[in-house]
Amino acid sequence: MIKLPDAKNSRRETSPAEPTRAALVQAALKLFGRQGFDGTSTREIAAAAQANIGSIAYHFGGKEGLRAAVADYIVETIQAVASQALAAGQAPAGGRAAPAGDAEAARAQLFAAIEGIVGFVVAQPRAGEIVQFLLRELQHPTAALDRIYEGVFEPAHRRLCHLWEQATGEPAESERTRLTVFTLIGQVVYFRIGREAVKRRMGWHDIGAAEAAKVAAVTTDNLSAMLAARMGSKPQIGSKPPIGSKR
């Protein structure tokens, strides 16, 4: 996992050139996602970052290096979110399931993970720029997608699969479990990629923390029903409301 800078030492460790580098990454993330890599010029990126065009070559070696830096930024950002949502959900050594007594804890971790994903993907503005960039990469994969997949997609998905195994007893790497985890993630991602349609149909002017809490309430109800179906019990809809929500 990429280690994020220590907040206590960030001011001391940050070089004078770091703000320019960060501004270029942010500008490239937004423009690559909106216009595509080929449709964005280095001049546009420099202008958006209020930087000298030569700073792209200086910091990244060129446009391709800047795309790689954007991919690394996405990995770091999503890892930070995942580390909070899945801190206690890391699989044991060897990938084996935890003892049966840990099933209840694993289920609680799954609920916390879904709430964390909703909180970031649905409510955070920067998630929109990241998702836009990722959608283009998923349609036309490059080395940037390889970095993101290997850095965060695959490991986060595996960790959720192991949590599912601990919670239900179903093998983590079975086809059904892997598809189930994609389904859990996919229902949340739709609220980002279908954001405009959701706002119109729901009559919402925006999707902020209050709306995200409502989305989390429904997605955790879905998780509750899925777990109950796998375990052969009656779903307890509404039994696990998301943190901070009111029902």
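Scanning the stretch 197-221 for residues that are part of a helix (DSSP H, G or I) and closer than 18 Å to R126 by Cβ yields A209, E211, A212, V215.
Here is a list: L145, L184, L160. Which entry is surrounded by 13 or more Cβ atoms within 10 Å (Cβ to Cβ), touching a helix residue (DSSP H, G or I) at 6+ places or on another chain (Cβ under 6 Å) and closer than 14 Å to L110 by Cα?
On the way: L145 fails: closer than 14 Å to L110 by Cα; L184 fails: touching a helix residue (DSSP H, G or I) at 6+ places or on another chain (Cβ under 6 Å).
After applying the criteria, what remains is L160.
For the condition over 18 Å from the mean Cα position of the chain (by Cα), within 30 Å of P155 (Cβ to Cβ) and either open to solvent by 30 Å² or more (accessible area, probe 1.4 Å) or modelled with pLDDT of 95 or more (or both), what is the one hit in G33, G39, G54, G62? Spell out how you get there, then give the answer.
Values: G33 fails: over 18 Å from the mean Cα position of the chain (by Cα); G39 fails: within 30 Å of P155 (Cβ to Cβ); G54 fails: within 30 Å of P155 (Cβ to Cβ).
Going through G33, G39, G54, G62 in turn, just one is over 18 Å from the mean Cα position of the chain (by Cα), within 30 Å of P155 (Cβ to Cβ) and either open to solvent by 30 Å² or more (accessible area, probe 1.4 Å) or modelled with pLDDT of 95 or more (or both): G62.
What about V215, is it under 30 Å from F37 (Cα atoms) and open to solvent by less than 50 Å² (accessible area, probe 1.4 Å)? For V215, the condition - under 30 Å from F37 (Cα atoms) and open to solvent by less than 50 Å² (accessible area, probe 1.4 Å) - is not met. Taking the stretch 196-210 as the range and being open to solvent by less than 40 Å² (accessible area, probe 1.4 Å) and either among the hydrophobic types (A, V, I, L, M, F, W, C) or within 20 Å of the chain's Cα centre (by Cα) (or both) as the test, the residues that pass are V198, I207, G208.
For the stretch 226-237, does any single residue satisfy the condition of being within 20 Å of G128 (Cβ to Cβ) and surrounded by 13 or more Cβ atoms within 10 Å (Cβ to Cβ)? No, that holds for no residue.
The values are calculated or read from the model by the stated rules, or taken from the named source; none is laboratory data. The model shown is predicted, which means the values in this text are computed figures rather than measured ones. Using ideal geometry, Cβ is built from the backbone for each residue, glycine included, and neighbour counts are taken over all protein chains shown. Side chains included, ligands, DNA and RNA excluded: accessible areas come from the protein's heavy atoms. Shrake-Rupley method; radii C 1.70, N 1.55, O 1.52, S 1.80 Å.
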